[in-house]
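Visitor: Next up is a structure, given as structure tokens.
The values are calculated or read from the model by the stated rules, or taken from the named source; none is laboratory data. Keep in mind that this is a model prediction, so the values were computed, not measured. Note: ideal-geometry Cβ built from the backbone for every residue, glycine included; neighbour counts use all protein chains shown.
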């Protein structure tokens, strides 16, 4: 189901999401596809995984170690930006948060604006689980809000507002790709 189409074509991602959602065996197969040699398959698998975890991230909790490992080694931009959104949705230990944050910091050097923007978003999301990351993330968002790409500036302003004024927008999440 993930094979047909060009590398960046979404193909049948929504059908894959419907098939895998709530099916541990199918989710395992989907996660295996993240390592597929065919980058189109890996990209669509990452897209489907991001969509599955929007509402029910706990479904992929058992694969957090594999996802953290992939996050540190992957260079494909679509995999990077999707992992930057997925991993902070999982329940992570402080050490795992820091491991994810290190990967996302490296993503800030990626040539892709969307990878950088997703990394900023992921870092902001990580602060909910590891508040010690907050000062560094606030600094990154302030710098990106002044000197980043237009997407980074816009996202940074939104994230800064939510992180600096958490009581003002009670009950809102940082998730903006949903």
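Visitor: Using the structure shown, decide if residue 101 is modelled with pLDDT of 95 or more and more than 21 Å from residue 51 (Cβ to Cβ).
Guide: yes
Visitor: Considering (1) more than 18 Å from residue 100 (Cα to Cα); (2) buried (at least 17 other Cβ atoms within 10 Å of the Cβ); (3) in contact with a helix residue (DSSP H, G or I) (Cβ under 8 Å, 6 or more places away or on another chain), say which one residue 40 fails and leave the rest.
Guide: (3)
Visitor: I'd like to know if region 146-154 contains one or more residues that are part of a loop (DSSP other than H, G, I, E, B), at pLDDT below 95 and buried (at least 18 other Cβ atoms within 10 Å of the Cβ).
Guide: yes
Visitor: Only residues that are in a helix (DSSP H, G or I) and either farther than 25 Å from residue 25 by Cβ or at pLDDT 95 or above (or both): list them for region 64-78, please.
Guide: Hits for region 64-78 are 64, 65, 66, 67, 68, 69, 70, 71, 72, 73, 77.
Visitor: Residue 62 - would you say it is closer than 22 Å to residue 136 by Cα and either surrounded by fewer than 19 Cβ atoms within 10 Å (Cβ to Cβ) or in contact (Cβ under 8 Å) with a residue 12 or more places away in the chain (or both)?
Guide: It is false that residue 62 is closer than 22 Å to residue 136 by Cα and either surrounded by fewer than 19 Cβ atoms within 10 Å (Cβ to Cβ) or in contact (Cβ under 8 Å) with a residue 12 or more places away in the chain (or both).
Visitor: Test of understanding: among 52, 115, 86, which residue is assigned to a helix (DSSP H, G or I) and either more than 23 Å from residue 149 (Cα to Cα) or touching a strand residue (DSSP E or B) at 6+ places or on another chain (Cβ under 7 Å) (or both)?
Guide: On inspection, the qualifying residue turns out to be 52.
Visitor: Taking region 13-31, which residues are at pLDDT 85 or above and within 19 Å of residue 89 (Cα to Cα)?
Guide: 27, 28, 30, 31
Visitor: On the basis of being buried (at least 19 other Cβ atoms within 10 Å of the Cβ), modelled with pLDDT of 95 or more and under 11 Å from the mean Cα position of the chain (by Cα), does residue 87 make the cut?
Guide: Judged against the criteria, residue 87 is a match.
Visitor: Looking only at residues in region 90-112 that are assigned to a loop (DSSP other than H, G, I, E, B) and more than 20 Å from residue 143 (Cβ to Cβ), which one is farthest from the chain's Cα centre (by Cα)?
Guide: 93
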